[in-house]
Amino acid sequence: MEDNSKRSIQNKIKFLEFYNHCYRSRHYFFEIKKCGSLDCHICKPVRCDSETWLKVHNFPDPIPSLDGKKYKSFEELYGQETSEEYRPSLKDKKNSNNEMGFKPSAQCCKNVGTLIQCGECDKWRVIYSKSKLALQESEELARFLDEIQYTCGDSFYDIASNDTNDSMKKLFSIVKVNNTLTCNSPIEIPYYSSRLFKEVLCFNCGVECEEHNTNHGEYFPYCEDCDSMSDENKKRKRKEKKFVKSSKQKNVETN
């Protein structure tokens, strides 16, 4: 099978030349556009007439309106130079206060045993509860998750509609997601420490790792791309399990 990883592409000189010249990659879209020059040695001349070509512009990035309450329309932005500066998933919501009311832990993760995926970055996020959910609560939660679009930093109260019934409000007082997370946040540690989930996710980007590409043990798992780009000193290490001797074991050693 042909190797198409980021690392292997770095050796394909002609492809990189074409990529850097004609491609434009964004979080929400990906486009290929010729430069339009008749004597370009990288891309061939365009086949349409020059008047039509001058009307073809790059796809615009999301830009907020002056009041910041909504985004400008496509018609307003088409033809302008834009950047990803205002991309929604890049805006840290700066929720410094965790609204969960308790510390996210492996046990709180086990009490629910369910994940939710961010619609922006595709990372899986843990759902927590201080107490184990009853069957009815688990079923209500499953129905709710099927109907919503979640983004990192949201709380269930943020997502729920105004006509949420009392039963769901009670459920939201029990089950929580960490609202301090952003799309730039790594995978949560309870995902690994709970040992509930079979998929080995890259700690940094959240993609599923191939088993032979993960370095279990000292570090959390990293995919091949993140492993090659990450400094060893900056990788997140697992905490060593502290073994505490019981009083019975201490007595045996002294005797």
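Is the C-alpha gyration tensor of the range 6-90 telling us rounded, prolate or oblate? Criteria: a/c under 1.5 is rounded; beyond that, a/b larger than b/c is prolate, otherwise oblate.
oblate
Which order do peptides 147-159, 44-56 fall in by mean Cβ count within 10 Å, highest first?
147-159, 44-56
Do any of Lys12/Lys55; Lys69/Lys176; Lys132/Lys198; Lys69/Lys123; Lys132/Lys170; Lys103/Lys169 go past 24 Å between their Cα atoms, and which?
Cα-Cα > 24 Å for Lys12/Lys55; Lys69/Lys176; Lys69/Lys123; rest within.
Tell me which residues come under 5 Å, amide H to amide H, from Tyr71 once H is placed; ignore anything under 5 positions away on its chain.
Ser65
If amide hydrogens are placed 1.01 Å from N in the peptide plane, which non-local residues have theirs closer than 5 Å to the one on Arg125?
Here Ile116, Gln117, Cys118 satisfy the definition.
Which three numbers, in whole Å and largest first, are the semi-axes of the equivalent ellipsoid of the range 106-234 derived from its Cα gyration tensor as √(5λ)?
Largest first, the range 106-234 gives 30, 16, 11 Å.
For Leu201, enumerate residues with amide H under 5 Å from its amide H, sequence gap 5+ or separate chain, H modeled in the peptide plane.
For Leu201, whose amide H was placed from the backbone, the distant partners under 5 Å are Cys209.
Any idea what the relative contact order of the range 106-234 is, in percent, if you count C-alpha pairs under 8 Å spaced at least 6 apart?
23 percent.
Readers should treat all values here as calculations from the given coordinates under stated rules, not as data from a laboratory. This structure is a prediction, so every number in the text was calculated from the model and none was measured. FYI the Cβ positions are ideal-geometry reconstructions off the backbone, even for glycines, and counts take in every protein chain you see.
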